[in-house]
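Some notes on the structure that comes next.
What follows is calculated from the coordinates using simple rules that are stated; it is not laboratory data. These numbers were taken from a predicted model, which means no experiment stands behind them. Cβ atoms come from the backbone with ideal geometry, glycine included; neighbour counts cover every protein chain shown.
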């Protein structure tokens, strides 16, 4: 899930939620970490130190976002290569919950 050399897999329902979340963040300043060694971009809006904030979200489309970075200018980034650490944790928790639900449902069906 969004580690070096991998792309972020977002289940369909969460993709819509993530895009809606991003749309609420348009014009907000955040911190964009550029990818290293094939990793994903990391975008954080919860930095407490304003000096670390180096970008702001400009536009959210179906498959990409446009971010203005203070040093790199306008960047068009594929949605699948953009990671929000908080969202990643929520998605991992949802994956665990889904797995647990499948196990419980299987056990119930077996009776």
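Could you please tell me the mean projected area of the C-alpha convex hull for segment 12-84, averaged over all directions and given in square nanometres to one decimal?
So the mean shadow area of the Cα hull is 4.8 nm².
Taking R0 as 22 Å, what's the FRET efficiency between residue 27 and residue 63 from their Cβ-Cβ distance, rounded to 0.05? Mind showing how you got there, number by number?
Values: r = 21 Å, r/R0 = 0.95.
It comes out at approximately 0.60.
Once you have the Cα-Cα distance between residue 17 and residue 105, take 0.36 nm times their residue separation minus that, and quote the gain in nm to one decimal.
29.1 nm
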